[in-house]
Amino acid sequence: MVLRLFFYCIAMCLRRISLEKKYNKYIGIVTEFKRSNMNENQLYRFLNACEGNWRNTILITCKNCPYKEQLCPGYFLTTDRNGCPVLYPVDKLQKCSKELIDVEDCIGSISRQAFEALYSRWLIWRVSSPHQCNILQVLRSEQQTDTAI
């Protein structure tokens, strides 16, 4: 309950333009984002979609990467109010929250292959290379879109 309230408060704070100036000395989130190449809009979108609690998400597991990417700890999957998938890396949330995340507490889990099959039509419009990880391409394109706004 406390962790859920904590994430909800973070999501609300991230909407404010002056977050870095006002809250940086209390919460190391902004500096952690700059180090991890994730931005505040992605975290806000993710926390808003999962109602401030990562336990309301489905874990995407990546056991064997055919793209030869680094071994990833997985990704959280939830949907926004339009039903579009919202993804967030487990390790990035763990770094910014400074909490140990037990992925067994998620609602469920699916494999990367199952995610790609389930959202194949959505992925067609969001990925450009069949030789790179679809999830990483989506996250990178969202990051570029958020920084352009």
Cα-derived Rg to Rh of segment 38-107, Kirkwood definition: 0.96
Of the peptides 123-134, 49-60, 80-91, how do they stack up when ordered by the mean number of other Cβ atoms within 10 Å, highest first? 49-60, 80-91, 123-134
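Where a number appears in this text, it was derived from the coordinates with a stated rule and is not lab data. In this text the structure is predicted, and so the values were computed from the model without any measurement. Cβ atoms come from the backbone with ideal geometry, glycine included; neighbour counts cover every protein chain shown.
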